[in-house]
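Report on the following structure.
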């Protein structure tokens, strides 16, 4: 028997109903040996609950043996399923449901995949590992682009991994009601990144490059400065322009590969420029 299935009795009623339901969603299922529909549904609901060992507990009630529990819940027919959270019944249904119906019934009570991805990403963000967080948040945002917390976290990971333009486009979608502390922190990071791109050194290099567009050493130096100023798209465009003409020019290939590898997994620029440079190599 699965670890998240228990036979409910008067002896374990209190710990299951109070303690377990504070940690997990408790699914109380009423059945009887003589009732064929409830026996058939038992297999379906066991299979469903076993998919969620961390968030659900199935508490089965043998109606012939546990009349007091049956009376306490006021069960009139079989099969009957009652959903308990924090010691209180929050939903329930009479009769059988197939797996698809169960998915719909429990949809509001189970963690949504995008929220699980957000929780994982937040753990990486707490460790300042924005590169790992980026890929998870990209997936979460693709599932639910309207989720404000996911969008803000995705914008945060974007600016921290050098994609300022993506971060700006994401943060612009946040409505006034969701512009809390996390939002303002990301806006601040974007502003700092943009100020870095206006540094005198960078402006001077851009001016030199405009005056001497064929000087590849200036171009490499400018690309490195742009990368450091979180402008990976501009930096990679400059580096690709060099390696396209001469892939063996000084350290250009290595510098470009380092820039590509520094981007977060899942960043569109990473796959785009990997394809471009590999097309030159092979």
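The values are calculated or read from the model by the stated rules, or taken from the named source; none is laboratory data. Because the structure is a prediction, the values reported are computed rather than measured. In this analysis, Cβ positions are derived from the backbone assuming ideal geometry, glycine residues included, and neighbour counts consider all displayed protein chains.
Quick notes
- Selection status of residue 258, under 29 Å from residue 153 (Cβ atoms) and not assigned by TED's automatic domain parsing to the domain that holds residue 136: yes
- Annotation: of all residues in region 1-14 being loosely packed, with under 13 Cβ neighbours inside 10 Å and assigned to a loop (DSSP other than H, G, I, E, B), the one that is modelled with the lowest pLDDT is 1.
- With respect to the conditions (1) surrounded by 12 or more Cβ atoms within 10 Å (Cβ to Cβ); (2) closer than 21 Å to residue 226 by Cβ, residue 173 falls short on a single one, namely (2).
- Filter result for the condition that a residue is under 27 Å from the mean Cα position of the chain (by Cα), surrounded by fewer than 18 Cβ atoms within 10 Å (Cβ to Cβ) and free of Cβ contacts under 8 Å to residues at least 24 places away in the same chain, over 72, 101: 101
- Only one of the listed residues (260, 220) is at pLDDT 95 or above and touching a helix residue (DSSP H, G or I) at 6+ places or on another chain (Cβ under 7 Å). That residue is 220.
- Some residue of region 168-189 being outside any helix (DSSP H, G or I) and touching a strand residue (DSSP E or B) at 6+ places or on another chain (Cβ under 7 Å): no
- Flag for residue 26 being free of Cβ contacts under 8 Å to residues at least 60 places away in the same chain and touching a helix residue (DSSP H, G or I) at 6+ places or on another chain (Cβ under 6 Å): yes
- The residues in region 53-75 that are touching a strand residue (DSSP E or B) at 6+ places or on another chain (Cβ under 8 Å) and either more than 14 Å from residue 7 (Cα to Cα) or not in a loop (DSSP other than H, G, I, E, B) (or both) can be counted, and the count is 12.
- Any hit, region 146-164, residues being in contact with a strand residue (DSSP E or B) (Cβ under 8 Å, 6 or more places away or on another chain) and over 30 Å from residue 223 (Cα atoms): no
- Scan of region 190-212 for residues that are assigned to a helix (DSSP H, G or I) and within 35 Å of the chain's Cα centre (by Cα), ordered by number: 190, 191, 192, 193, 194, 195, 196
- Screening 187, 177, 243 for residues that are under 23 Å from residue 269 (Cβ atoms) and assigned by TED's automatic domain parsing to the domain that holds residue 149 leaves exactly one candidate, 187.
- Qualifying positions in region 123-167 - closer than 18 Å to residue 231 by Cβ and not in a helix (DSSP H, G or I): 161, 162, 163
- Residue in region 110-122 that is loosely packed, with under 14 Cβ neighbours inside 10 Å, at pLDDT 95 or above and not in a strand (DSSP E or B) present: no
- Residue match in region 15-33 (condition: assigned to a loop (DSSP other than H, G, I, E, B) and out of contact with any strand residue (DSSP E or B) (no Cβ under 8 Å at 6 or more places or on another chain)): no
- Of the candidates 101, 41, 46, 97, the single residue that is assigned to a loop (DSSP other than H, G, I, E, B) and at pLDDT 95 or above is 97.
- Qualifying position, being under 21 Å from residue 268 (Cα atoms) and in contact (Cβ under 8 Å) with a residue 60 or more places away in the chain, among 144, 163: 163
- Among the residues making up region 228-237, those that are surrounded by 23 or more Cβ atoms within 10 Å (Cβ to Cβ) and assigned to a helix (DSSP H, G or I) are 232, 235, 236.
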